[in-house]
Amino acid sequence: RHKVQASLTFCSRLALSLQQKQEIAQPTPYMDNICAIATPTGGAIGIIRISGPDAITITSKIFKPTGKTSLEERASNTITFGTIVEISTQEIVDEVLVSLFRAPHSYTGENSTEISCHGSEYILNRVMQMLVQQGCRIARPGEYTERAFLNGKMDLSQAEAVADLIASTTEANHHIAMQQMRGGFSQELRQLRDQLLHITSLLELELDFSDHEELEFASRKELLQLAQKIHTHISSLCQSFRLGNALKRGVPIAIVGETNAGKSTLLNALVGEERALVSNIHGTTRDTIEEAVNVGGTLVRFIDTAGIRDTNDQVERMGIDRTYAKIDEADVVLWLIDLTDYKNQYTTLSHTLLPAVQGKQLTILLNKQDLVDAKALSQAEAYIKEQMEISNQPFTLLTLCAQHHDGLKDLQALLAATLTQLKQLQSNATGTIVSNLRHYEALSAALTSIDRVIEGMHQGLSGDFISQDLRECIYHLSDIAGEVTTDEVLGNIFKHFCIGK
């Protein structure tokens, strides 16, 4: 009898959950119609987007298609050639193509049209004025994507990926944004929420029959194993944020070494311009200089740092302190050593530099190879390898001449391979890389909640306490997808979009 009652209770809760999900998925109706120029002015073609319940009707008032079939009678997902005509004077403004999308099969989930006309600023503004006169209003930044989200065409994480996709400048950024926009990240979150709902449903069923203490719907051992599995997955997503943030802003690569080792010369060679001052005077660079470059499809930030040496100059000392701060920030460290003084430079810096680069990708660059013969070069390589074996620090060794760009292509190829390896090491098992700060904060909060769940199970807490922490974890994961978000959060997200998207 108890099992039957439990099944009925579970079924009723499941039905309520499905009903709530369906209510959330219902499109939000908008009574107004919006329009915006979706392309930069000055190009050969300009596109104006119209969306709203009367988008097709409004467009048809200023558009005359070739042939006898009006725009309103045309099939969805078709393109029609015709002219934009001023209603009052019947003046032809432009010859255009109009793309037609009927709700809900459009980007926004509403009736939508896109007018492709010539890219003249005058034509675009004239058409916009005509649309406003027929009842449209100018769209706010990101309003098309906001409507797509509110109409259930995408969740909030996918909507944010649209902005990242538009802003992507490298293959790596494009890949992250595309994977998220196509729902890969959303699917992961959905699976995690389903597993958490399964746990909390079983625990809350037990609460309904608390007067029967012997009744247990799930093994605590199995629930603990599932909670630990979820913890591992969320933790992996959190850890990927360091890489994701670096890929978005540029993976930091610190160029370090003693004064006059050739750091600024190397920076200039890597970025292809005279970005940093170069001189024979020791301590020329007293502050960090950063420059972003695309290396093998990944954005990197090369950081030229102050030369490390003993000095009484207070300003130079501050620069050296910043050097170590940048080493701590970097994922990859390039240690330049002057081949004409390699033993002294290695001995002087190794005791402070090697501990600072623990856990980072270290490449030692023997610079100024043009100033030594083949025998001296071989001796230097052997010495560095021998000393590094003693230190037990993983590293890569390369020789070059930064001034004459000798060995530069080898360094660039090495960096591309290092970045690929770095992405493989830091991405989680499913390949998802978190690059959005809001997502990271929500995941961190979810991780804290699941930590409390595991701790509560170890301590033997009652199901109501554990269930509360589980629901908090579900809440934070749902916040990423926008299922529990607020208008303030939405406004903050979409205001950074461009108009027309």
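Here are some notes:
- In the condition set (1) under 22 Å from the mean Cα position of the chain (by Cα); (2) at pLDDT below 80, Leu243 is compliant with all but (2).
- The range 469-484: number of residues that are under 23 Å from Asn151 (Cβ atoms) and in contact (Cβ under 8 Å) with a residue 60 or more places away in the chain: 6
- Checked against the criterion of being within 19 Å of the chain's Cα centre (by Cα), among the polar types (S, T, N, Q) and either open to solvent by less than 30 Å² (accessible area, probe 1.4 Å) or under 30 Å from Leu267 (Cα atoms) (or both), the candidates Asn436, Asn392 yield just one match: Asn436.
- Residues that are charged (D, E, K, R) and either outside any helix (DSSP H, G or I) or under 30 Å from Asn245 (Cα atoms) (or both) within the range 331-345 comprise Asp331, Asp338, listed in sequence order.
- Unique residue being open to solvent by 40 Å² or more (accessible area, probe 1.4 Å), touching a Phe, Trp or Tyr at 6+ places or on another chain (Cβ under 8 Å) and in a helix (DSSP H, G or I) when the list is Gln179, Gln187: Gln179
- Against the numbered list (1) at pLDDT 90 or above; (2) under 29 Å from Phe241 (Cβ atoms); (3) in contact with a Leu (Cβ under 6 Å, 6 or more places away or on another chain), Leu366 comes up short only at (2).
- Scanning the range 45-90 for residues that are part of a helix (DSSP H, G or I) and either in contact with a Gly (Cβ under 6 Å, 6 or more places away or on another chain) or touching a residue at least 12 places away in the same chain (Cβ under 8 Å) (or both) yields a count of 10.
- Selection count, the range 147-162, where residues are open to solvent by 30 Å² or more (accessible area, probe 1.4 Å) and outside any loop (DSSP other than H, G, I, E, B): 2
- Residue match in the range 450-457 (condition: β-branched (Val, Ile, Thr), open to solvent by 20 Å² or more (accessible area, probe 1.4 Å) and assigned to a strand (DSSP E or B)): no
Here's the yes/no breakdown for (1) surrounded by fewer than 17 Cβ atoms within 10 Å (Cβ to Cβ); (2) in contact with an Asp or Glu (Cβ under 6 Å, 6 or more places away or on another chain); (3) of a type in the set (D, E, K, R):
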site: Ile45; (1), (2), (3): yes, no, no
site: Pro53; (1), (2), (3): yes, no, no
site: Thr59; (1), (2), (3): no, no, no
site: Lys68; (1), (2), (3): yes, no, yes
site: Glu73; (1), (2), (3): yes, no, yes
site: Asn77; (1), (2), (3): yes, no, no
site: Tyr122; (1), (2), (3): yes, no, no
site: Val127; (1), (2), (3): no, no, no
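- Residues being within 19 Å of Asp155 (Cα to Cα) and more than 10 Å from the chain's Cα centre (by Cα) - total across the range 439-450: 5
- Yes/no for Ser210 being open to solvent by 10 Å² or more (accessible area, probe 1.4 Å), at pLDDT 80 or above and not charged (D, E, K, R): no
- Hits in the range 346-389 (condition: part of a loop (DSSP other than H, G, I, E, B) and surrounded by 11 or more Cβ atoms within 10 Å (Cβ to Cβ)): Val357, Lys360, Lys368, Val372
The values are calculated or read from the model by the stated rules, or taken from the named source; none is laboratory data. No experiment lies behind these values; they were computed from the predicted model shown. Don't worry about glycine lacking a Cβ; one is built from the backbone with ideal geometry, like all the others, and counts go over all protein chains shown. To get the accessible areas, we keep the full protein, side chains included, count just its heavy atoms, and leave off ligands, DNA and RNA. Shrake-Rupley method; radii C 1.70, N 1.55, O 1.52, S 1.80 Å.
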